[in-house]
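A.B. asks: Pasting a structure below so you can have a look.
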Amino acid sequence: MSMAPADSTRPEVVNYPGGEALYRLRHSAAHVLATAVVELFPGVRVAGGPPIETGFYYDFAREEPFTPEDLVRIEARMREIVAEDQPFEYSEATREEAEARFSAAGEKYKLYFITQIPPGSKVTYYRNGPFLDLCRGPHVASTGRIGVFKLTHVAGAYWLGHERNEMLQRIYGTAFATQVELDAYLERIAESLRRDHRRLGRELDLFSVHEEVGSGLIHWHPKGGMLRHLIEQFWKDEHLRRGYQLVFTPHIASEKLYEISGHLQNYADLMYAPMDIDGQPYRVKPMNCPGHIMIYQTRKHSYRELPLRYAELGTVYRYERSGVLHGMERVRGFTQDDSHIFCTREQLADEVEGILDLMDFLLRAFGYEYVCYLATRPKEKFLGTEEEWVFATEALRQALERRGLPYELDEGGGAFYAPKIDVKLRDALGREWQCPTIQVDLNLPKRFGVVYTGPDGQDHEVVMLHRALYGSLERFVGIYIEHTGGEFPVWLAPTQAVIIPANPKAFEYAQDTARLLKEGGVRVELDLRDEKMGAKIRDAELLKIPYMVVVGPREAEAGTVAPRRKGAGQLEAMTRQAFLERVQRETRERE
């Protein structure tokens, strides 16, 4: 559903995945969905329904929830409408005529959309069969040309996306030109469900969320805690090697700090309510950057000391609506891998290039490909001068080009205070995830008076860089669970090997093998349960442990082990030392 003045009734569809033909097909399928729902469920009210990247949806107001059985009925009626080959017919009306028509029909949602059209403009419609909707197109010629489609699920959606508004029911579907394309898409959806980090988090005992504690707050279990520790340690070691200094800042701060930073004025809706401490309002921190500035400001700095690179795995808290919370990937408390660099204008491009080099090193270690976007100055609301924006944007561009990184231009996509580089990871299913970001800040150095002493003995404003490379640990781990399907490489596996004695006679040798491996730094478990060996191997496979090490009297006598590699099957027997060195090498080289 969309509206436009008469002179833009057939807009060019720009940058839709799959192109305009697929957009027309899915837009038309959305109208057929609405047609079927209105016919099958008298009294339902229709809101909006656009094509989206993966298909289409329509929002409906109905007292009873749609059931899976309802979706089957709706889809069957849609197929009948497609078979009827109803033409999509375009027409126009004045805004007043449109208001009268939809007011008489009791369509309050359509009336709202009409009020958004400038007075005097034409309102445009498309009709197929009995269904008429505000729309500017484009569509296929008739319903018979829609191709193949599938309704996928129903979800709640706030009217206009605002939680204070009523909840509508959103029916999702997808459509393609051919059955082959639809089947491939549905298989990707099935695979994404198999890889869902919430399901794997339970099955692999990695994390949990408890309503008694609060939504969007993650509890890391021992195995998840080990995974997080390994990811953090990798991050810390590499940052220290590259000249970063680790800092730690408090979880709460006086409101005064956030008044100076501007967060209170610009981000109050994301901040939690103040708490009273000694008669003063305090807030849990939504950002780490003001704390890092406080550390920098404790003494004067010379240009000879710059750049200063502060790094913190800092936990922050932001209010997210309950409807958008999603496992580890959308939470209310999360740990950012935050860093802030204080440098001179002359150092900026080199520092950005160094960040890009570090980012590439980290992401490739986790097996990711990625795409960069250079986001430039917003067209309306922004801080700073034209010269500052040109300088900062060019520094980011130069760093990307010197690194030889291809990038796309995101015109007007910068923050109001600075341009930035956004980076999207591409996972094993081809999905893109926004994680790393690199931002030049033209705002906070001014608000806090962050300066350094130049070679002329005068104070000069510091150039400040914000950057996060994981984004947040919670989100990064959630995405990584789905990227790997929970099959972590040896260097990151919470348990690298499980020792399985073939029978009780091998218990002592199994225990001694576990001790030897632990002393060598291997994360190992010992399975002494009263179960058959096949069941133990199967359980280890389900827990996605990389190595299952079977030992029996024969191995004990020879001083060997019989390792089995998940996904590769049985390996040749080898000495315990050889197996230890194998795991150590895979861990060291991050294979």
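A.B. asks: Of the trypsin sites (Lys or Arg not before Pro) in the range 130-177, which ones lie in a loop per DSSP and count no more than 13 other C-beta atoms within 10 Å?
C.D. replies: ARG164
A.B. asks: What does the net charge come to around ARG330 if you take all other residues with beta carbon closer than 10 Å to its beta carbon, with K and R at +1 and D and E at -1?
C.D. replies: Every neighbour counted, the sum reads 0.
A.B. asks: Follow-up. Each residue of the range 397-414 in order: what ³J(HN,Hα) in whole Hz does its phi give by Karplus 6.51 cos²θ - 1.76 cosθ + 1.60, θ = phi - 60°, with x for Gly and Pro?
C.D. replies: 4, 4, 5, 4, 6, 5, 7, x, 8, x, 8, 10, 8, 10, 4, x, x, x
A.B. asks: Please work out how much length the chain gains when fully extended from LEU240 to ASP276, using 0.36 nm per residue of separation minus the C-alpha to C-alpha distance, in nm with one decimal.
C.D. replies: Taking 0.36 nm per residue and subtracting the Cα distance, the gain is 9.2 nm.
A.B. asks: Take every DSSP beta bridge whose two residues both sit in the range 446-554, then give the antiparallel share in percent to the nearest 5.
C.D. replies: The antiparallel proportion sits near 25 percent.
A.B. asks: May I ask you to compute the full-extension gain from PHE41 to ARG164, defined as 0.36 nm times their residue separation minus their alpha-carbon distance, rounded to one decimal in nm? Don't skip to the end; give the middle numbers.
C.D. replies: Details: separation 123, 0.36 × 123 = 44.28 nm, distance 2.63 nm.
Full-extension gain reported as 41.6 nm.
A.B. asks: About its Cα centre, how strong a charge dipole does the range 182-282 have in debye, to the nearest 20, once Lys and Arg get +1 and Asp and Glu get -1 at the Cβ?
C.D. replies: For this selection, approximately 500 debye.
A.B. asks: For the chain, what is the convex hull volume of its Cα atoms per residue in Å³?
C.D. replies: With only Cα atoms used, the chain gives 213 Å³ per residue.
A.B. asks: Given the Cα-Cα distance of GLU386 and GLN297 and 0.36 nm per residue of separation, how much length would full extension add, in nm?
C.D. replies: This chain segment gains 29.3 nm when fully extended.
A.B. asks: Exposure proxy check: LEU409, LEU186, LEU442, LEU33 ranked by fewest other beta carbons within 10 Å?
C.D. replies: Final ranking by Cβ density, sparse to dense: LEU409, LEU186, LEU442, LEU33.
A.B. asks: Could you check the spin-label model distance between ASN503 and PHE361? Points 7 Å from the Cα along Cα→Cβ, value in nm.
C.D. replies: Placing both labels 7 Å along Cα→Cβ, they lie 5.3 nm apart.
A.B. asks: To make sure I understand, if each residue's beta carbon is the centre and we count other beta carbons within 10 Å, what order do MET275, MET226 fall in, fewest to most?
C.D. replies: MET275, MET226
A.B. asks: At most 13 other Cβ atoms within 10 Å and a DSSP loop assignment: could you name the GluC sites (Glu not before Pro) in the range 389-427 that fit?
C.D. replies: Hits after loop and neighbour filter: GLU411.
A.B. asks: What do you get for Rg/Rh of the range 388-543 when both radii come from the Cα atoms and Rh is the Kirkwood radius?
C.D. replies: When Rh is taken as the Kirkwood radius, the ratio is 1.25.
A.B. asks: First select every other residue whose beta carbon is under 14 angstrom from the beta carbon of ASP70; then total the charges, Lys and Arg +1, Asp and Glu -1.
C.D. replies: Combined, the nearby Lys, Arg, Asp and Glu give -1.
A.B. asks: Return the long-range amide H neighbours of ILE52 (sequence gap of 5 or more, or a different chain), with a cut-off of under 5 Å between placed amide H atoms.
C.D. replies: Excluding prolines and chain starts, which carry no amide H, the hits are TYR57.
A.B. asks: Now a separate question. Principal axes first, then extents: for the Cα atoms of the range 497-588, list largest minus smallest coordinate on each axis, whole Å, largest first.
C.D. replies: Principal axes ranked by extent give 35, 29, 22 Å for the Cα atoms.
A.B. asks: Please report how far the C-alpha centroid of the range 38-109 lies from that of the range 513-587, rounded to the nearest whole angstrom.
C.D. replies: 59 Å
A.B. asks: Using only Cα positions of the range 236-313, each an equal point scatterer, no hydration layer, compute I(q)/I(0) via Debye at q = 0.18, 0.22 Å⁻¹ and quote the log10 values to two decimals.
C.D. replies: After summing over all Cα pairs, the log10 values are -0.82, -1.02.
A.B. asks: Skipping prolines and chain starts, which residues have an amide H placed within reach, meaning under 5 Å, of the one on GLU525, given they are 5 or more residues away or on another chain?
C.D. replies: Amide H neighbours of GLU525: ALA497, VAL498, ILE499.
A.B. asks: At a Cα cut-off below 26 Å, give the lysines reachable from LYS532, other chains included and same-chain residues fewer than 8 away excluded.
C.D. replies: LYS223, LYS505, LYS518, LYS544, LYS566
A.B. asks: For the chain, what's the relative contact order in percent, using C-alpha pairs closer than 8 Å and at least 6 residues apart?
C.D. replies: 10 percent
A.B. asks: Counting Lys +1, Arg +1, Asp -1, Glu -1, what net charge surrounds GLY478 among other residues with beta carbon under 10 Å of its beta carbon?
C.D. replies: Overall, the nearby charge balance is -1.
A.B. asks: What residues have an amide H closer than 5 Å to that of THR152, excluding those fewer than 5 places away on the same chain, when H is modeled at 1.01 Å from N in the peptide plane?
C.D. replies: TYR172, GLY173, THR174
A.B. asks: In sequence order, what are the phi-derived ³J(HN,Hα) couplings for the range 529-546 according to the Karplus relation 6.51 cos²θ - 1.76 cosθ + 1.60 with θ = phi - 60°, rounded to whole Hz, with x for glycine and proline?
C.D. replies: Calculated HN-Hα couplings, in order: 5, 7, 10, 5, 4, x, 5, 5, 5, 4, 5, 5, 4, 5, 7, 6, 6, x Hz.
A.B. asks: Another question, if that's okay. Evaluated at 20 °C with a viscosity of 1.002 mPa s, what Stokes-Einstein diffusion coefficient in µm²/s does the range 6-182 have when Rh comes from the Kirkwood expression over alpha-carbon pairs?
C.D. replies: 129 µm²/s
A.B. asks: Same structure, new question: Please give me, ordered by residue number, the GluC sites (Glu not before Pro) of the range 172-258 that lie in loop per DSSP and have at most 10 other Cβ atoms within 10 Å.
C.D. replies: Hits after loop and neighbour filter: GLU211, GLU212.
A.B. asks: Next question, about the same structure. What number, rounded to the nearest 500 deg cm²/dmol, is the helix-based mean residue ellipticity at 222 nm of the chain, given -39500 (n - 2.57) per DSSP H run of at least four residues and division by all its residues?
C.D. replies: That calculation yields -11000 deg cm²/dmol at 222 nm.
A.B. asks: Next question, about the same structure. Which of SER261, SER142, SER322 comes first, and how do the rest follow, when ranked by fewest Cβ neighbours within 10 Å?
C.D. replies: Working: SER261 22, SER142 16, SER322 9.
In increasing order of surrounding Cβ atoms, one gets SER322, SER142, SER261.
A.B. asks: Given the options TRP433, ALA418, GLY333, identify the residue whose Cα lies farthest towards the positive end of the charge dipole of the range 327-466 (+1 on Cβ of Lys, Arg; -1 on Cβ of Asp, Glu).
C.D. replies: GLY333
A.B. asks: Could you give me the ³J(HN,Hα) list for the range 306-312, computed from phi with Karplus coefficients 6.51, -1.76, 1.60 and θ = phi - 60°, whole Hz, x at Gly and Pro?
C.D. replies: Taking θ as phi minus 60°, the curve returns 7, x, 9, 10, 9, 10, 8 Hz for the range 306-312.
A.B. asks: Magnitude of the Cβ-charge dipole of the range 363-423, K/R +1 and D/E -1, about the Cα centre, nearest 20 debye?
C.D. replies: 220 debye
Each value in this text was obtained by applying a stated rule to the coordinates, not by laboratory testing. These numbers were taken from a predicted model, which means no experiment stands behind them. We place every Cβ from the backbone using ideal geometry, glycine too, and count neighbours over all the protein chains shown.
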